[in-house]
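Read through the structure below, which is laid out as structure tokens, and then see the notes.
The values are calculated or read from the model by the stated rules, or taken from the named source; none is laboratory data. This structure is a prediction, so every number in the text was calculated from the model and none was measured. Backbone-built Cβ (ideal geometry, glycine too); neighbour counts: all protein chains shown. Just so you know, the surface numbers come from the protein's heavy atoms only, side chains and all, with ligands and any DNA or RNA stripped out. Shrake-Rupley method; radii C 1.70, N 1.55, O 1.52, S 1.80 Å.
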Amino acid sequence: AQAETRPGSRSQLEPAWRGTPSHAVRPRPRAARRPTSATGAGLGGARGRHNNAATLEASKGGMRSTPEEDTRPKSETPSPVPPSPSSTPTDGCEELTPVGNLQGFYYNECIELSQNTNPYILRVLQEVDEEIKKGLEGITLNIAGNNRLIPVERVTGEDFWVLSRILKKSPSITGLDARYNVISDVGAYYAAKLLQKQVNLTYLNLMFNDIGPEGGELIAKALHNKTLKYLRMTGNKIENNGGMFFASMLQINSSLEKLDLGDCDLGMQSMIAFATVLTQNEAIMGINLNRPILYGEQEESTFHLGHMLKENHYLVELHICKHGIKNCGMRQLCEALNKITRDGMVFLADVLKSNTTLEVIDLSFNRIENAGANYLSETLTSHNKSLKALSVVSNSIEGEGLVALSQSMKTNPIFSHIYIWGNKFDEATCVAYSDLIEMGRLNPDNTDVEPYVVDGRVYLAEVSNGLKKHYYWTPTYGTSCSHSANNAGFTLV
């Protein structure tokens, strides 16, 4: 007797991936969802249902081959995972989604693919439909999993599969913010397919989505895409192997302008690879390589990054915090260094005298002290006219150095952002920065201190501003889709 194939079994979910191990992606089991009331056009709480009769007939009739974008990663959890897309009839042609009907199209796709609807996605798509009907274009679809304004059911890899099918046919959507979800390597596979199919996508945020080295490889290989301008992979542990694929991608890609790979557990090999390819890449204006996993006391990556800075005249921002670099490496660097002392600042000041492209320097949590602050102040006052923002948070700087930096703001009209909290404030420091704010030279939003007066004496209090004000969280006082609000320190680019 012929054994029947149960919906969602491994035989139905076998991937047809090219160049990727079959064990690379495992979707997470989904908990059953409770039915909710309908919203909007009667679709908000609807649920896709398994059609048992149709599934049984399909299993007896055998499997059909389908295009690669409709293949599903295999799963070891049969029941919660939807049936294979191979049972979905396709005619091989792509049609644009009807204008202002993304919610309905998503609902229909879920039914067709026997996939449970996600009420959070339905709600967001309903809002986007309203924007499209108003004639708006260049829309960013915000399905961030840390949105605290509305109930959120975090997006999984299976949800992203359905969503990607819609976005491929939606020219009005040019940005996708899917941070703080759980799409994992499953969703990374469909994100890669989306990058290949959606020619209008310019912004993609996948930070903290449990994407591993295999998912990172898939996305990097898809970035031959000629339209994407900004990609955030922050917090996804793609490790050294995934980092190598992104470095290789930068040799070919000529459109990507901002790349955020902070907290991705990059290794020494990938750090050197990035430094090497950036000597010739003329498109990247900002890159975040914070907190790699480096072992030992050697500073090979520092040497290569220093050489890159001498050759690259297009890079505006370079974030390399928490690299453990010391004075020996400081001779080669001019950006975002850890454990730098005052003597190392001599080399940074010399670099800034001739560099005309860098606009942001993040020197937080170093030890530049008064001497280093004075070197910087001299350079910013007399030589450098390109730097816009400087962070010297927690650098053991005392009143002399902090006052010197405040004086450079008076003479350098380009220098507009400064962050100084965590240093040793004296009365002269408090008065100097209070005067800058009072006279309008320093915008209160462009610094992390705020003056206040007690018994006739001026003090400085900390405020939650900084180069990465909205780096990890979504503001609750307004929309978070604006690129100026969550550019991971790239707010000035």
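So Leu442 clears everything in (1) under 22 Å from Leu315 (Cα atoms); (2) open to solvent by less than 70 Å² (accessible area, probe 1.4 Å); (3) assigned to a loop (DSSP other than H, G, I, E, B) except one condition, right? Which one?
(1)
Table: residues versus (1) touching a Gly at 6+ places or on another chain (Cβ under 9 Å); (2) under 23 Å from Asn209 (Cβ atoms); (3) assigned to a helix (DSSP H, G or I); (4) modelled with pLDDT of 90 or more.
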site: Phe245; (1), (2), (3), (4): yes, yes, yes, yes
site: Ile252; (1), (2), (3), (4): no, no, no, yes
site: Asp263; (1), (2), (3), (4): yes, yes, no, yes
site: Asn281; (1), (2), (3), (4): no, no, no, yes
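Within segment 445-459, how many residues are closer than 19 Å to Lys410 by Cα and either surrounded by 14 or more Cβ atoms within 10 Å (Cβ to Cβ) or of a type in the set (S, T, N, Q) (or both)?
Quick first cut of segment 445-459, residues closer than 19 Å to Lys410 by Cα only: 445-451.
With the extra rule that they be either surrounded by 14 or more Cβ atoms within 10 Å (Cβ to Cβ) or of a type in the set (S, T, N, Q) (or both), the set shrinks to 446-451.
Residues in segment 445-459 being closer than 19 Å to Lys410 by Cα and either surrounded by 14 or more Cβ atoms within 10 Å (Cβ to Cβ) or of a type in the set (S, T, N, Q) (or both): 6 in total.
Might you check whether a residue that is at pLDDT 85 or above, part of a strand (DSSP E or B), aliphatic (A, V, I, L, M) and in contact with a strand residue (DSSP E or B) (Cβ under 8 Å, 6 or more places away or on another chain) occurs anywhere in segment 424-436?
Taking segment 424-436 as the starting set, the residues that turn out to be at pLDDT 85 or above are 424-436.
After this cut, where a residue has to be part of a strand (DSSP E or B) as well, the list is none.
Checked against the condition, which is being at pLDDT 85 or above, part of a strand (DSSP E or B), aliphatic (A, V, I, L, M) and in contact with a strand residue (DSSP E or B) (Cβ under 8 Å, 6 or more places away or on another chain), segment 424-436 yields no hits at all.
Looking only at segment 252-295, count how many residues are β-branched (Val, Ile, Thr) and more than 19 Å from Gly306 (Cβ to Cβ).
Step one: list which residues in segment 252-295 are β-branched (Val, Ile, Thr), which gives 252, 272, 276-277, 279, 284, 287, 293.
Subset that is more than 19 Å from Gly306 (Cβ to Cβ): 252, 293.
Qualifying residue count, segment 252-295: 2.
Given the conditions (1) modelled with pLDDT of 95 or more; (2) of a type in the set (S, T, N, Q); (3) farther than 21 Å from Lys221 by Cα, report the number of the one that Ser170 does not fulfil.
All conditions are met except number (1).
Among all residue pairs at least 6 apart or on different chains, which show Cβ distances below 6 Å where the first residue, located in segment 141-152, is touching a residue at least 12 places away in the same chain (Cβ under 8 Å) and the second is in a strand (DSSP E or B)?
Leu141/Ile173; Leu141/Leu176; Asn142/Asp177; Ala144/Asp177
Residue by residue, here is whether (1) at pLDDT 75 or above; (2) under 22 Å from Met308 (Cα atoms); (3) in contact with a helix residue (DSSP H, G or I) (Cβ under 6 Å, 6 or more places away or on another chain); (4) charged (D, E, K, R) holds:
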| position | (1), (2), (3), (4) |
| --- | --- |
| Phe365 | yes, no, no, no |
| Tyr375 | yes, no, yes, no |
| Lys388 | yes, yes, no, yes |
| Val392 | yes, no, no, no |
| Asn395 | yes, no, no, no |
| Leu402 | yes, no, yes, no |
| Ser408 | yes, no, yes, no |
| Thr411 | yes, no, yes, no |
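Specify the residue that is surrounded by the most Cβ atoms within 10 Å (Cβ to Cβ); the eligible residues are those in segment 202-214 that are out of contact with any helix residue (DSSP H, G or I) (no Cβ under 8 Å at 6 or more places or on another chain) and outside any strand (DSSP E or B).
Residues of segment 202-214 out of contact with any helix residue (DSSP H, G or I) (no Cβ under 8 Å at 6 or more places or on another chain): 202-203, 205, 207-208.
Right, trim to outside any strand (DSSP E or B) and you get 202, 207-208.
Values: Thr202: 19, Met207: 26, Phe208: 19.
Among those that are out of contact with any helix residue (DSSP H, G or I) (no Cβ under 8 Å at 6 or more places or on another chain) and outside any strand (DSSP E or B), it is Met207.
Is it the case that Val199 is hydrophobic (A, V, I, L, M, F, W, C), free of Cβ contacts under 8 Å to residues at least 40 places away in the same chain and open to solvent by 10 Å² or more (accessible area, probe 1.4 Å)?
Details: hydrophobic (A, V, I, L, M, F, W, C): yes; free of Cβ contacts under 8 Å to residues at least 40 places away in the same chain: yes; open to solvent by 10 Å² or more (accessible area, probe 1.4 Å): yes.
Answer is yes for this residue.
Taking the stated definitions as given, is Val199 of a type in the set (A, V, I, L, M), in a loop (DSSP other than H, G, I, E, B), farther than 23 Å from Glu317 by Cα and over 14 Å from the mean Cα position of the chain (by Cα)? Outline the logic, then answer.
On the way: of a type in the set (A, V, I, L, M): yes; in a loop (DSSP other than H, G, I, E, B): yes; farther than 23 Å from Glu317 by Cα: yes; over 14 Å from the mean Cα position of the chain (by Cα): yes.
Spelling it out, Val199 is indeed of a type in the set (A, V, I, L, M), in a loop (DSSP other than H, G, I, E, B), farther than 23 Å from Glu317 by Cα and over 14 Å from the mean Cα position of the chain (by Cα).
Of the conditions (1) of a type in the set (Lys, Arg); (2) farther than 26 Å from Asn116 by Cα; (3) open to solvent by less than 10 Å² (accessible area, probe 1.4 Å), Lys229 fails just one. Which one is it?
Here Lys229 meets the rest and fails (3).
Pick out the one residue from Phe303, Phe274 that is assigned to a helix (DSSP H, G or I) and surrounded by 21 or more Cβ atoms within 10 Å (Cβ to Cβ). Give the steps one after another, and end with the answer.
Numbers: Phe303 fails: surrounded by 21 or more Cβ atoms within 10 Å (Cβ to Cβ).
The unique qualifying residue is Phe274.
Any residue at all in segment 146-160 that is in a strand (DSSP E or B) and at pLDDT 95 or above?
Initial filter on segment 146-160 (in a strand (DSSP E or B)): 156.
With at pLDDT 95 or above added as a condition, the list becomes 156.
Yes, segment 146-160 contains a residue that is in a strand (DSSP E or B) and at pLDDT 95 or above.
Filter segment 232-243 down to the residues that are surrounded by 24 or more Cβ atoms within 10 Å (Cβ to Cβ) and outside any helix (DSSP H, G or I) and list them by number.
Here is the first cut: in segment 232-243, the residues surrounded by 24 or more Cβ atoms within 10 Å (Cβ to Cβ) are 232-233, 236, 238, 242-243.
Within segment 232-243, Arg232, Met233, Asn236, Ile238 qualify.
Determine whether Val182 is of a type in the set (Val, Ile, Thr), open to solvent by 10 Å² or more (accessible area, probe 1.4 Å), under 19 Å from Ile238 (Cβ atoms) and touching a Ser or Thr at 6+ places or on another chain (Cβ under 7 Å). Before you say what the answer is, go through the steps one by one.
On the way: of a type in the set (Val, Ile, Thr): yes; open to solvent by 10 Å² or more (accessible area, probe 1.4 Å): yes; under 19 Å from Ile238 (Cβ atoms): yes; touching a Ser or Thr at 6+ places or on another chain (Cβ under 7 Å): yes.
Yes, satisfied.
Looking only at segment 398-422, how many residues end up being surrounded by fewer than 22 Cβ atoms within 10 Å (Cβ to Cβ) and either assigned to a loop (DSSP other than H, G, I, E, B) or on the phi > 0 side of the Ramachandran plot (or both)?
Total meeting the criteria: 7.
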